[in-house]
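What follows is a single structure, written as structure tokens, with notes after it.
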Amino acid sequence: MKGKNSIHHPAMRAFQFLAIWIFGVISISIILYHTSYTVLYEFSTAVYTFILCYVFCNVLDRKSVLDLGLRLRKTEVINLILGILIGVFMITAIFLIEWGLKLVYIEVNSNIDLNYLIYGILTFFLVALVEETVFRGYFLQRLLLSLDEKYAIFLSSVTFGILHFFNPNVNFLGFMMISTMGVLLGLCYLETRSLYLPIGLHFAWNYFEGFVYGFPVSGREIEGLFLTKVEGPAWLTGGAFGPEGSFIGLTIALLVTLAVFYYFKSQKIASDKY
């Protein structure tokens, strides 16, 4: 009986952590409802997230928050840059496909200034840092103590997708794609045992999607370097939810996830030979 409890305890703690985190984020949203400073909300959420992680990691688990995969070394800088490159590649591929199919029409936005772009970098880096620390950090890593890797990644990714149902203009393809992105980000953590690769990918995807290409980001309108007008069926373009709710986006996400999976698998096979 003791062994059974010890097996299931980390998974229970993972969901307890997530439930408390969601409650706190909702509370922050209500308190800051009348403010228009998105970066203030993201900063407040980040502070709250790391306080919660400290309590669960240092007090309850007797481990450092840095053990979630946040220790900064030279290799982690490389992982962060690699993640950014993958994220930029993915959203750029979607943009070019939609542009080539004449599903989007663009013009350069002359009203964008440097301060606005820096604001976007800060905001979306905080978003990526918080969500990766929560979902690929504490939540996934505690599930891994109770479940096989494939089940832990599946459960964490589906949960990640379900929570995006609260976003405006969400659709089923959006749930499928965000869950797929959860798998990709989970694989990136598993192979590096670091959050910097997923953080870089998550940040670059969101930033270039909104602040560069002018697409909605998970249903939220953002003014970008390009003024992008989307035409065509919502299932193909994502409509008001953005590329994350599109068949094209889902296809790119699946292809990149498979490519990353087989790349890491081939690297493991090669290392086992030597």
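Between K102, K150, K74, the residue with the greatest mean-square fluctuation in the GNM of the chain (Cα pairs under 10 Å linked by springs) is K74.
For region 2-273, how big is the tail of P(r) above 31 Å, as a whole percent of Cα pairs? Of the Cα pairs, 26 percent sit more than 31 Å apart. For the chain, the longest principal axis of the C-alpha atoms and the axis of helix 172-192 are separated by about 50°.
Distances between placed amide hydrogens fall under 5 Å for V104 paired with W99, E231, all partners being 5 or more residues away or on another chain. Lysine pair count for the chain (Cα-Cα distance under 28 Å; residues 8 or more apart in sequence or on different chains): 14.
Only the Cβ atoms of Lys and Arg (+1) and of Asp and Glu (-1) were treated as charged; on that basis the dipole of the chain about its Cα centre amounts to roughly 1140 debye.
In terms of the mean number of neighbouring beta-carbon atoms within 10 Å, the peptides 240-246, 39-45 order highest first as 240-246, 39-45. With K and R counted +1 and D and E -1, the other residues having a Cβ less than 12 Å from that of G242 yield a net charge of -3. Among G174, G69, G232, the largest mean-square fluctuation in a Gaussian network model of the chain (Cα springs under 10 Å) belongs to G232.
What FRET efficiency would be calculated for the residue pair E231, L254, taking the C-beta separation as r and a Förster radius of 25 Å, to the nearest 0.05? For E231 and L254, the calculated efficiency is 0.55.
Stretched out straight at 0.36 nm per residue, the stretch from H9 to S29 would grow longer than its current Cα-Cα span by 4.2 nm. GNM remark for the chain: springs join alpha carbons under 10 Å apart, and the peak mean-square fluctuation among R193, R73, R13 falls on R73.
Long-range amide H contacts for R220: which residues qualify at under 5 Å (H placed 1.01 Å from N, peptide plane, sequence gap of 5 or more or a different chain)? Those qualifying (amide H under 5 Å, at least 5 residues apart or on another chain) number zero.
When peptides 201-207, 184-190 are sorted by average Cβ neighbour count within 10 Å, with the highest value leading, the order is 201-207, 184-190.
The numbers here are math on the coordinates, done by the rules we state, and not lab data. Just so we're clear, the structure is a prediction, and the values are computed from it rather than from any experiment. Because the Cβ atoms are built from the backbone with ideal geometry, glycine has one as well, and the counts that use them run over all protein chains shown.
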